[in-house]
Amino acid sequence: MSCAHGLALDAFETAFSVDTSAIVFGRGALTELGEQARALGVKRVALFTDPILAGLPFFETARNSLRSAAIEVLVYDRVKVEPTDASFLDAADFAKREAPDGYVSVGGGSVIDTCKAAALYATYPAPFLAYVNAPIGEGRAIPGPLPPHIACPTTSGTGSECTAIAVCDILALATKTGIAGKRLRPSLALIDPTCTATLPASVVAASGFDVLCHALESFTARPFTARLKPDRPASRPLSQGRNAWSDLGSLEALRLAGKYLVRAVNDASDAEAREQLSWAATLAGIAFGNAGVHLPHAMAYAVAGLVRDFKMPGYPDEEPMVPHGVSVVVNAPSVFRWTSSACAQRHLDAATHLGADTRDAPLEDAGRVLADHVASLMRATHVPNGLTGVGYSAADLDALADRAALQKRLCDNAPRPVSKGDLRALFDGALTCW
Ligand SMILES: [Fe+2]
């Protein structure tokens with residue numbers, strides 16, 4: 001028997017796999033770091049962070065915990081926020097020189113991703129593009145296991161502590177891409193939500209919308225059964241497409257983000273909201289590490305890569321930069337209006353979980369209802385209004401669509417086939433969100 005595309009039905013995937021980091025979650029968890037590292041056999045650890053976090057009390061907590069466990073600590077505190085190929089290589093040079101037997105990252109997604117890349121290039125040296133996703137790089141498989149890595153997130157956004165992906169800007173191409181491979185996944189995610197208590201509101205907003213989009217995109221990704229079966233189970237991709245496991249994490253992350261995101265942004269003293277947003281980030285990280293994200297993230301790589309002069313308050317201001325979560329969410333309303341026709345009920349369910357009143361919403365309106373609700377959350381948290389809000393105009397649509405089309409892995413994970421013309425239209429719809 002064959003399907004409408006002329007492919008045999010047994011050519012399609014029939015199973016999904018569940019992979020995630022081990023997780024320790026809760027207030028005070030960071031004080032366990034030393035014991036957890038020792039349990040993994042670590043004696044000489046490379047501790048990664050960025051220059052700002054290096055001066056904060058929880059970094060000291062992490063370092064002291066490692067030292068109390070009699071572990072030698074080698075600090076690398078030069079991680080760049082929104083890392084580049086050059087900053088990944090600088091971190092890898094440090095790791096090669098110091099030859100640690102384990103890694104700890106304390107920071108946001110930039111720190112955790114940099115630590116993943118440093119461990120990879122120090123353990124299996126290769127030209128930078130060797131491991132970078134095709135078609136930008138060679139997409140070479142990681143040759144063997146990596147030393148233990150304990151990831152301690154200090155923002156509630158990227159979910160990088162649970163994923164097997166490291167993202168960076170390729171400077172010469174002015175685009176973002178990543179390295180993906182199961183062996184990149186941290187051995188342990190140690191999540192202490194008290195680390196987010198002192199984050200500026202704009203950072204909580206940007207990282208919170210990253211969480212929300214991880215959950216929305218995982219929940220609306222194409223189903224894993226729509227992907228061709230790999231020749232061997234080991235070749236099953238990380239972005240498998242939505243499945244019963246990723247749906248669990250996505251829906252609960254949406255419910256929590258809908259309930260707590262605005263509170264967590266607008267009131268730094270609301271410990272319950274920031275803690276619950278941390279848990280939402282963990283769940284969404286597990287979901288998208290398993291299902292994969294799609295168009296808002298594919299488009300975000302172009303939005304971040306082509307930035308001209310935008311700077312976000314609360315972020316290091318040496319150079320223009322669109323924070324990752326903002327570069328994603330500005331595309332989200334436009335995308336979900338368009339993808340809804342592929343799985344309308346899911347778009348409506350997502351809006352319901354986020355807290356929208358969907359009782360009288362007809363199914364054909366699901367995309368608009370979801371888009372409007374996401375836009376209302378953006379307004380309530382003072383996030384820039386679409387592409388125009390981060391410095392783009394209609395004159396940039398072709399360049400943005402060209403860059404987003406390079407993100408083939410993410411585009412292929414969308415619930416509808418997408419052409420470069422579609423991407424241009426989606427960017428057009430993202431110029432403003434309200
Ligand atoms: Fe993201």
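The values are calculated or read from the model by the stated rules, or taken from the named source; none is laboratory data. Treat the numbers as computed from the prediction; the structure is a model and nothing was measured. FYI the Cβ positions are ideal-geometry reconstructions off the backbone, even for glycines, and counts take in every protein chain you see.
Summary table
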item: Enumeration of residues in segment 190-219 that are more than 14 Å from the chain's Cα centre (by Cα) and within 16 Å of the ligand (Cβ to nearest atom); result: Val203, Val204, Ala205, Phe219
item: Test: Leu248 is buried (at least 23 other Cβ atoms within 10 Å of the Cβ) and either in contact (Cβ under 8 Å) with a residue 24 or more places away in the chain or part of a helix (DSSP H, G or I) (or both); result: no
item: Residue in segment 219-239 that is assigned to a helix (DSSP H, G or I), of a type in the set (A, V, I, L, M) and crowded, with 20+ Cβ neighbours inside 10 Å present; result: no
item: Conditions (1) in a helix (DSSP H, G or I); (2) out of contact with any His (no Cβ under 7 Å at 6 or more places or on another chain); number of the one not met by Pro417; result: (1)
item: Unique match (being surrounded by fewer than 24 Cβ atoms within 10 Å (Cβ to Cβ), small (Gly, Ala, Ser) and either modelled with pLDDT of 95 or more or under 22 Å from Ile23 (Cα atoms) (or both)) among Ala271, Ala281; result: Ala271
item: Inter-residue pairs, beta-carbon under 6 Å, first outside the structural domain of Val167 (by TED's automatic domain parsing) and in segment 78-105, second of a type in the set (Ser, Thr, Tyr) and in a loop (DSSP other than H, G, I, E, B), 6+ apart; result: none
item: Residues satisfying the stated conditions in segment 27-39, i.e. surrounded by 17 or more Cβ atoms within 10 Å (Cβ to Cβ) and either in contact (Cβ under 8 Å) with a residue 60 or more places away in the chain or in contact with an Asp or Glu (Cβ under 8 Å, 6 or more places away or on another chain) (or both); result: Ala29, Leu30, Glu32, Leu33, Gln36, Ala37
item: Residue that is out of contact with any Phe, Trp or Tyr (no Cβ under 7 Å at 6 or more places or on another chain), under 22 Å from Gly241 (Cβ atoms) and at pLDDT 95 or above, where the choices are Val418, Val328; result: Val418
item: Total residues in segment 90-127, condition within 21 Å of the chain's Cα centre (by Cα) and on the phi > 0 side of the Ramachandran plot; result: 1
item: Residue within segment 174-181 that is part of a helix (DSSP H, G or I), away from the ligand (no atom under 16 Å from the Cβ) and in the same structural domain as Glu35 (by TED's automatic domain parsing) present; result: no
